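Asker: Got a structure for you, questions after.
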Amino acid sequence: MNTKAPANSEAFLQCINCKKILFSIDFEQNLRVCNYCGHHHRLSAATRIAWTFDEDTFEELDTELRSGNPLEFPDYVDKLHAAEAKTKRFDSVVSGRAKLEEMPVSVAVADFNFMGGSMGSVAGEKITRTLERAADEQTPAIIFCASGGARMQEGLLSLMQMAKTTAAAQRCAEAGVPYIAVFTDPTMAGVLASYASIADVIVAEPRALVGFAGTRVSKQAGVSKVPDDFQTAEFCLKHGMIDRIVPRKEMRDTLASLVRTLGGHALSAYAANGGKK
Ligand SMILES: [Zn+2]
């Protein structure tokens, strides 16, 4: 694993959950998990990729895709430009090919820093291509989810991505290629209700927020009393919605083990082709 992530310029920082003061060096070495309360702080797509896949094996694809403003939604273009400046990305999903313990995988990683990881036409297309590439190239698919849901500025075009990504996941199933989803904080709404929740195996980071309607919407709908752990990864595990909770330190090994175990058919095609994609 390459742990060379962008260093925090400050010597100390505060855990956003327990508010304790942490040494930045310890925090980075602990993969941005709080030493005191175990809170898994959010990661950018670049850091997630660096900490998960074999060093320098990630090949980014689909970089030509750009969001338009089909509904001429007020301020949408300005928001896109602000998110581009903040993240140095053109949308909320980064997609491509990578290797995990030398096994080829088709990968998409969402970045919450880009407009809350929301899924518009570009994010939906990148997820779709990731799953279709997996099916076409007989490589397992791994998708890291981090999203508040569909992007409201694209209206129905955004909601249509739910159907499109779901159909692409079906293509993986028909091709006999495993699809693994990782729920990170947060995995919500239109993303949860489409490609995220239909993966063959679903793992989640501890205490990740996972749900359909957020607290505000739930209250508006008249839901006033919910369990303390409602909409957490732990609640989902207890109710059979996910397969396992995996601490960040174990994520790479767990994913590699899943790919090795489930990717038999896909990996034999890779081996039969002399190790070429
Ligand atoms: Zn903490």
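Asker: Please enumerate the residues belonging to segment 48-102 that are aromatic (Phe, Trp, Tyr) and either under 24 Å from residue 204 (Cα atoms) or not assigned by TED's automatic domain parsing to the domain that holds residue 142 (or both).
Answerer: Looking only at segment 48-102, we keep the residues that are aromatic (Phe, Trp, Tyr), and these are 51, 53, 58, 73, 76, 90.
Answer for segment 48-102, where residues must be aromatic (Phe, Trp, Tyr) and either under 24 Å from residue 204 (Cα atoms) or not assigned by TED's automatic domain parsing to the domain that holds residue 142 (or both): 51, 53, 58.
Asker: What is the one condition in (1) in contact (Cβ under 8 Å) with a residue 60 or more places away in the chain; (2) more than 16 Å from the ligand (Cβ to nearest atom) that residue 39 does not satisfy?
Answerer: (2)
Asker: Need at least 3 residues that are crowded, with 22+ Cβ neighbours inside 10 Å and touching a residue at least 60 places away in the same chain (Cβ under 8 Å) per element, so show me which helices (runs of 4 or more DSSP H) inside segment 119-232 make the cut, counting only ones lying wholly within it.
Answerer: 121-137
Asker: I need the full set of residues from segment 11-20 which are more than 10 Å from the ligand (Cβ to nearest atom) and either outside any loop (DSSP other than H, G, I, E, B) or under 29 Å from residue 118 (Cβ atoms) (or both), in order please.
Answerer: Answer for segment 11-20, where residues must be more than 10 Å from the ligand (Cβ to nearest atom) and either outside any loop (DSSP other than H, G, I, E, B) or under 29 Å from residue 118 (Cβ atoms) (or both): 12, 13.
Asker: Starting from segment 10-21, take each residue that is on the phi > 0 side of the Ramachandran plot and list its partners that are within 10 Å of the ligand (Cβ to nearest atom), counting only C-beta distances under 6 angstrom and pairs at least six apart or across chains.
Answerer: Taking only residues 6 or more apart or on different chains, not a single pair turns up.
Asker: Right, residue 215: in the same structural domain as residue 47 (by TED's automatic domain parsing) and modelled with pLDDT of 95 or more or not?
Answerer: No, not satisfied.
Asker: Can you name every residue in segment 105-118 that is in contact with a Lys or Arg (Cβ under 8 Å, 6 or more places away or on another chain) and either buried (at least 24 other Cβ atoms within 10 Å of the Cβ) or of a type in the set (Gly, Ala, Ser) (or both)?
Answerer: 105, 106, 107, 108, 109, 111, 114, 115, 118
The values are calculated or read from the model by the stated rules, or taken from the named source; none is laboratory data. Only a predicted model underlies this, so the values are computations on that prediction, with no experimental measurement involved. Using ideal geometry, Cβ is built from the backbone for each residue, glycine included, and neighbour counts are taken over all protein chains shown.
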